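For reference, the structure is listed below as structure tokens.
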Amino acid sequence: MSLVTLRRRYLDGETTPSEVLAKLAEEIVSRDPRTGAYLSSDLALALKAAAEADLSRPLGGLPIAIKDNINTLGQSCSCGSRFLEKNYISPYDATVIKKLKEAGAIPFGRMNMDEFAMGSATENSALQLTRNPHDHDRIAGGSSGGSAAAVADGTAFAALGSDTGGSIRQPASHCGIVGLKPTYGRVSRFGLVAFASSLDQIGPLTRTVDDAALILQVIAGHDPQDSTSLDEPVPDYAAGINDGVKGIRIGIPKEYFGEGIHPGVRENVETRIKQLELLGAVIVPISLPYTEHAVATYYVIAPAEASSNLSRFDGIRYGNRAQNPADIIDLYHQSRELGFGPEVKRRIILGTYVLSSGYYDAYYTRAQKVRSLIARDFNQAFEVVDVILSPVAPTPARKINSSNDDPLQDYLADIFTIPANLAGIPAMSIPCGSTSFDGSENLPVGIQILAPHLGEAMMLRVAKAAEGLPLP
């Protein structure tokens with residue numbers, strides 16, 4: 001059931017947090033071995049929190065699963081990597097965890113992910129493979145694949161993930177749930193292990209739009225511990241969520257409906273757009289011409305920032321350390337060679353290259369200029385529309401290991417999600433029917449809703465209206 005429904009049952013005395021956690025633990029034991037969403041869960045600690053839960057708080061007694069790159073006091077934070085797998089226990093709570101606890105929530109479960117959030121399938125986790133609950137031969141998406149799969153599989157009521165280029169929205173789409181990436185700076189990044197600091201954002205993965213609004217209400221807001229946090233008031237996201245879409249101008253970018261989209265994805269998304277038009281929305285064709293450059297821009301900026309951020313993993317301060325190195329340089333080499341997986345190494349090498357002398361202006365500086373043009377595209381579009389609708393991914397979830405020899409195919413599949421991160425605007429995925437693909441039927445399809453800077457309230461309003469429509 002949804003968080004909103006579960007909270008109502010708590011308040012009506014129909015069940016208790018302790019009963020729910022016990023049942024949830026049974027479901028994890030029963031179902032998760034097939035899915036592989038959980039890296040760990042501390043039931044004893046969660047039951048202690050449940051016994052002390054204040055049900056009058058907004059999230060009182062509600063268990064929330066946590067992606068394993070968000071620090072939670074006393075728990076492991078492996079980031080899906082062997083570098084942190086055994087000997088790093090978080091000494092503090094991330095700001096979002098602190099806010100969840102203050103609202104009465106119970107952080108429960110550490111969710112699998114692509115190593116250091118670098119990937120779109122959760123195949124890059126060094127610890128285990130996460131499978132799609134709708135078809136265990138397919139990916140759950142990534143990098144927040146564990147969070148999405150658990151919510152879809154019924155082993156979590158909701159979860160937190162992080163989104164650097166689509167890592168909340170894409171797995172939400174593949175797993176048939178709701179995933180929301182807020183405006184950059186709307187939610188504090190303090191305590192999130194950094195991948196690309198100018199792109200990373202924490203957000204919720206839930207079963208319903210109302211649940212996403214509920215969690216966002218709690219975790220949003222200014223944080224002096226995060227220098228990029230926006231000092232702006234947080235609106236009541238539930239206030240106008242049921243106001244419908246009559247008169248709302250919805251932009252349809254032609255660049256998001258070109259070649260390469262699976263026919264079933266296109267049909268489901270276009271059907272939902274027509275349904276919204278029948279509810280009174282005004283459909284406006286628009287153009288976002290710099291979309292075609294988004295993937296190339298992202299794969300210069302994100303690896304460059306990753307190269308810098310991951311330099312702290314050297315085997316000295318924390319993390320796994322190589323044994324018997326010849327000298328300090330050999331310690332660095334061996335620790336990083338053994339600790340990092342192939343995708344992380346690939347991105348560190350790429351990022352170091354584009355930042356190196358002689359190439360910085362040719363690649364990194366140029367990419368930042370194109371990023372500004374992508375943001376300008378959105379700014380101009382939002383002068384004439386209120387939100388933008390598009391597919392989340394060109395296809396439903398692919399089969400596991402089907403792109404091992406060609407990681408570029410996974411990079412290109414993020415073409416519809418990356419632009420929102422580069423522009424810093426909010427975006428979310430909600431379920432939009434299902435389709436057949438590559439020998440499987442009834443695979444989930446997501447529709448993406450993008451809004452202007454700090455436009456989460458309007459985005460949630462459109463999402464709620466779309467959620468209530470019959471699935472194609």
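The values are calculated or read from the model by the stated rules, or taken from the named source; none is laboratory data. Quick caveat: nothing in here was measured; it's all calculated off a predicted structure. Note: ideal-geometry Cβ built from the backbone for every residue, glycine included; neighbour counts use all protein chains shown.
Checking Ile273, Ile261 one by one, the residue that is β-branched (Val, Ile, Thr), farther than 28 Å from Val96 by Cβ and assigned to a loop (DSSP other than H, G, I, E, B) is Ile261 and no other. In the set Gly104, Gly142, only one residue is in contact (Cβ under 8 Å) with a residue 12 or more places away in the chain and surrounded by fewer than 24 Cβ atoms within 10 Å (Cβ to Cβ); that residue is Gly104. Scan segment 433-456 and give yes if some residue there is over 30 Å from Glu343 (Cα atoms) and aliphatic (A, V, I, L, M), otherwise no. Yes - at least one qualifying residue is present in segment 433-456.
Applying the criterion of being hydroxyl-bearing (Ser, Thr, Tyr) and over 15 Å from Ala194 (Cβ atoms) to the residues of segment 93-124, the residue that is farthest from the chain's Cα centre (by Cα) is Thr122. If you go through segment 424-450 and keep only what is among the small types (Gly, Ala, Ser) and surrounded by fewer than 24 Cβ atoms within 10 Å (Cβ to Cβ), you end up with Gly424, Gly433, Ser434, Ser436, Gly439, Ser440.
Please work out if Gln409 is out of contact with any helix residue (DSSP H, G or I) (no Cβ under 8 Å at 6 or more places or on another chain), under 20 Å from Ile252 (Cβ atoms), free of Cβ contacts under 8 Å to residues at least 12 places away in the same chain and part of a helix (DSSP H, G or I). Criteria not met by Gln409. Taking the condition modelled with pLDDT under 95 and either touching a Pro at 6+ places or on another chain (Cβ under 9 Å) or part of a loop (DSSP other than H, G, I, E, B) (or both), does Asn404 pass? In short, yes. I'm trying to understand the selection: among the residues of segment 395-421, which are exposed (fewer than 15 other Cβ atoms within 10 Å of the Cβ) and polar (S, T, N, Q)? Selection gives Asn401, Asn404, Gln409. Scanning segment 184-231 for residues that are under 14 Å from the mean Cα position of the chain (by Cα), assigned to a strand (DSSP E or B) and of a type in the set (A, V, I, L, M, F, W, C) yields Val187, Leu192, Ile202, Leu205.
Remark: Asp414 falls outside the filter, which requires a residue to be among the acidic types (Asp, Glu) and in a helix (DSSP H, G or I).
Listed by position, the strands (runs of 3 or more DSSP E) contained in segment 74-174 that have at least 3 residues being closer than 25 Å to Asp54 by Cβ are 106-111, 158-162. Go through the residues of segment 219-232 one by one and say whether even a single one is in contact with a helix residue (DSSP H, G or I) (Cβ under 6 Å, 6 or more places away or on another chain) and surrounded by 24 or more Cβ atoms within 10 Å (Cβ to Cβ). Checking segment 219-232: at least one residue is in contact with a helix residue (DSSP H, G or I) (Cβ under 6 Å, 6 or more places away or on another chain) and surrounded by 24 or more Cβ atoms within 10 Å (Cβ to Cβ).
Can you find a residue that is within 22 Å of the chain's Cα centre (by Cα), closer than 22 Å to Ala212 by Cα and in contact (Cβ under 8 Å) with a residue 60 or more places away in the chain anywhere in segment 18-33? Scanning segment 18-33 turns up no residue that is within 22 Å of the chain's Cα centre (by Cα), closer than 22 Å to Ala212 by Cα and in contact (Cβ under 8 Å) with a residue 60 or more places away in the chain. How about segment 73-89: which of its residues are surrounded by fewer than 24 Cβ atoms within 10 Å (Cβ to Cβ), among the polar types (S, T, N, Q) and in contact (Cβ under 8 Å) with a residue 60 or more places away in the chain? Answer for segment 73-89, where residues must be surrounded by fewer than 24 Cβ atoms within 10 Å (Cβ to Cβ), among the polar types (S, T, N, Q) and in contact (Cβ under 8 Å) with a residue 60 or more places away in the chain: just Asn87.
Taking the numbered list (1) surrounded by 15 or more Cβ atoms within 10 Å (Cβ to Cβ); (2) part of a loop (DSSP other than H, G, I, E, B) in turn, Glu267 passes all entries but (2). Restricting the first residue to segment 221-246 and requiring it to be closer than 13 Å to Thr95 by Cβ and without any contact (Cβ under 8 Å) to a residue 60 or more places away in the chain, which pairs with a second residue that is surrounded by 11 or more Cβ atoms within 10 Å (Cβ to Cβ) and of a type in the set (Asp, Glu) meet a Cβ separation below 6 Å and a spacing of at least six or different chains? From residues that are closer than 13 Å to Thr95 by Cβ and without any contact (Cβ under 8 Å) to a residue 60 or more places away in the chain, the pairs are Ser229/Asp223.
A quick yes/no check of all residues on (1) farther than 16 Å from Glu456 by Cα; (2) not β-branched (Val, Ile, Thr):
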residue	(1), (2)
Thr130	yes, no
Asp135	yes, yes
Gln170	yes, yes
Thr183	no, no
Ala194	yes, yes
Thr208	no, no
Gln217	no, yes
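Only a single item in (1) closer than 30 Å to Leu84 by Cβ; (2) assigned to a helix (DSSP H, G or I) is not met by Ser429, and it is number (2). Within segment 6-37, the set of residues being β-branched (Val, Ile, Thr), loosely packed, with under 14 Cβ neighbours inside 10 Å and under 24 Å from Gly161 (Cα atoms) comprises Val29 only. Checking every residue in segment 51-72 against the condition of being surrounded by 15 or more Cβ atoms within 10 Å (Cβ to Cβ), touching a Leu at 6+ places or on another chain (Cβ under 7 Å) and part of a helix (DSSP H, G or I) gives zero matches.
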